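The values are calculated or read from the model by the stated rules, or taken from the named source; none is laboratory data. In this text, all values refer to a predicted model and were calculated from it rather than measured experimentally. All Cβ positions, glycine included, derive from the backbone under ideal geometry; neighbour counts span all protein chains shown.
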Amino acid sequence: MENSIYQTSNTGNGPKAFVILSGLLLLSAGIYISFARAPMLFGAIQTDPSPLRSGLLVASMIVVVLRILFTMTFLLKRGMNWDEAGGIPFAFFLYFVVYGILARLTDSTPGWAVYLGVALFIGGSSLNTGSELARHFWKKNPEHKGKLYTTGAFGLARHINYTGDILWIAGMALITGNWFSCIVVVLMFCFFAFFNGPMLDRYLASKYGSQYDEWAKSTRSLIPGIF
């Protein structure tokens, strides 16, 4: 089914628990990779970790997991099926393990790009969680039952929460100091822009009809006024 990850009747906690557990396990792997003394990975990594780079990267990993816990336990009221839950650990693997390895392969001294990365991470995380929180409290109003939330940050872009995701993912990439991290950013942008975003659009169109059509006419998908 085209919109199967949104059209679900699953009310069990198994998929959400799986996401949380996988996040914690992969976080542990990311912390180990970030702080373990060299050499590691069969000698592929010969340099000791940069305390500043590793500390900032691990701090960002922990924030990601805390935000996922908050989303799973408080914000996400709908059910989650295994199709949706099954793909999330791969994203954790990219953010925690791949970013951790790439940071360890970087032997340059942390510079301005690291601090720009921290700013992007904070801004993107705030945009994602802040927009989700605003929608959550708006939907709790009984007067809004059956209505599509199109105001606040979602008045700037239909998937502004995904825009926040892309920003914090890019921020983590900058913290690693390794240009190969850009591949992860491009992959996640393409995922949101050409797969998850369009799939959610189809679901919203089928659920809200003309409300969605009017919103889509005046509001771009990810980048306000551009894309």
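Tabulated data for the structure shown
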{"quantity": "Phe192 without any contact (Cβ under 8 Å) to a residue 60 or more places away in the chain and either among the charged types (D, E, K, R) or out of contact with any Cys (no Cβ under 8 Å at 6 or more places or on another chain) (or both)", "calculated": "yes"}
{"quantity": "Count - residues of segment 48-80 that are part of a helix (DSSP H, G or I) and either hydrophobic (A, V, I, L, M, F, W, C) or over 22 Å from Leu127 (Cβ atoms) (or both)", "calculated": "21"}
{"quantity": "Any hit, segment 199-209, residues being of a type in the set (D, E, K, R) and crowded, with 19+ Cβ neighbours inside 10 Å", "calculated": "no"}
{"quantity": "Spans of helices (runs of 4 or more DSSP H) in segment 171-227 with at least 2 residues of a type in the set (Asp, Glu) and over 22 Å from the mean Cα position of the chain (by Cα)", "calculated": "210-218"}
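A quick yes/no check of all residues on (1) modelled with pLDDT under 95; (2) surrounded by 13 or more Cβ atoms within 10 Å (Cβ to Cβ); (3) touching a helix residue (DSSP H, G or I) at 6+ places or on another chain (Cβ under 7 Å):
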{"residue": "Leu21", "(1), (2), (3)": "no, no, no"}
{"residue": "Leu56", "(1), (2), (3)": "no, yes, yes"}
{"residue": "Val65", "(1), (2), (3)": "no, yes, yes"}
{"residue": "Gly79", "(1), (2), (3)": "yes, yes, no"}
{"residue": "Ala91", "(1), (2), (3)": "no, yes, no"}
{"residue": "Ser108", "(1), (2), (3)": "yes, no, no"}
{"residue": "Val114", "(1), (2), (3)": "no, yes, yes"}
{"residue": "Thr129", "(1), (2), (3)": "no, yes, yes"}
